[in-house]
Amino acid sequence: MFIEPATQFNNRGWIEVICGSMFSGKTEELIRRLRRARIANLRVGIFKPLADDRYHPENIVSHDENSILSIPVPDAKSILERVSTVDVVGIDEAQFFDEALPEVCDTLAMLGTRVIVAGLDMDYLGKPFGQMPVLLSRAEYITKLHAICMQCGNIANYSYRKTGNAEQLLLGNKDLYEPRCRQCYEKGDLLK
């Protein structure tokens, strides 16, 4: 699908991606950016996957319990149906969205919308997660956040799963996951 690019310089859109491991502050940073956009009197649309109801059915909630009202949607294309009058679109837990998400973000950016996406860049196996690699390759701005390794205190880049469940999509919190540095992640269960 071809979209006519924004013609005015001050109305150009772009894609920002906030990524990192679990407990690195991705959602916290997304909420901060969206609140700043509202302070600037910009119209903001905020979305999350319908399946993610860990903390609240509608709000995006950080692990520090900061929250902001969002619209849960079943798929990425549903976002386009709800953004006709916004300047900024925020999308949380991008790794859980379907393969249409990069195209949706491109479309919004071409229409002059600032798109801020937050998500895990790697799954618990250390492999690229969902549509995040595509979004990272298309983004104008990337912020990589780190957690603190729960084993040694170094910076953590990996989400270590503490259970034997092998499903890629397993929603959980500190009961199922912990952030680990490269070395402690590779040691795995030997640290227990």
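The values are calculated or read from the model by the stated rules, or taken from the named source; none is laboratory data. All values reported here derive from a predicted model rather than from experimental measurement. Cβ placement follows ideal geometry from the backbone for every residue including glycine, while neighbour counts extend to all protein chains displayed.
For Cys152, the requirement of being modelled with pLDDT of 95 or more and either in a loop (DSSP other than H, G, I, E, B) or among the aliphatic types (A, V, I, L, M) (or both) is met.
Here's the yes/no breakdown for (1) at pLDDT below 95; (2) surrounded by 16 or more Cβ atoms within 10 Å (Cβ to Cβ); (3) not hydroxyl-bearing (Ser, Thr, Tyr):
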position: Asp121; (1), (2), (3): no, yes, yes
position: Met132; (1), (2), (3): no, yes, yes
position: Lys144; (1), (2), (3): no, no, yes
position: Thr163; (1), (2), (3): yes, no, no
position: Leu169; (1), (2), (3): yes, no, yes
position: Gly172; (1), (2), (3): yes, no, yes
position: Arg182; (1), (2), (3): no, no, yes
position: Leu191; (1), (2), (3): yes, no, yes
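Considering only residues of the stretch 53-63 that are in contact with a Pro (Cβ under 8 Å, 6 or more places away or on another chain) and over 15 Å from Gly90 (Cα atoms), which is modelled with the highest pLDDT? Only one residue tops the list, namely Asp53. In the stretch 75-118, the qualifying residues are those that are among the small types (Gly, Ala, Ser) and out of contact with any strand residue (DSSP E or B) (no Cβ under 9 Å at 6 or more places or on another chain), and the one that is nearest to Glu167 (Cα to Cα) is Ala100.
Scanning the stretch 87-97 for any residue that is closer than 27 Å to His146 by Cβ, assigned to a helix (DSSP H, G or I), modelled with pLDDT of 95 or more and of a type outside the set (A, V, I, L, M, F, W, C) turns up at least one such residue.
Within the set Thr113, Thr85, Thr107, the sole residue that is surrounded by fewer than 16 Cβ atoms within 10 Å (Cβ to Cβ) and touching a residue at least 40 places away in the same chain (Cβ under 8 Å) turns out to be Thr85.
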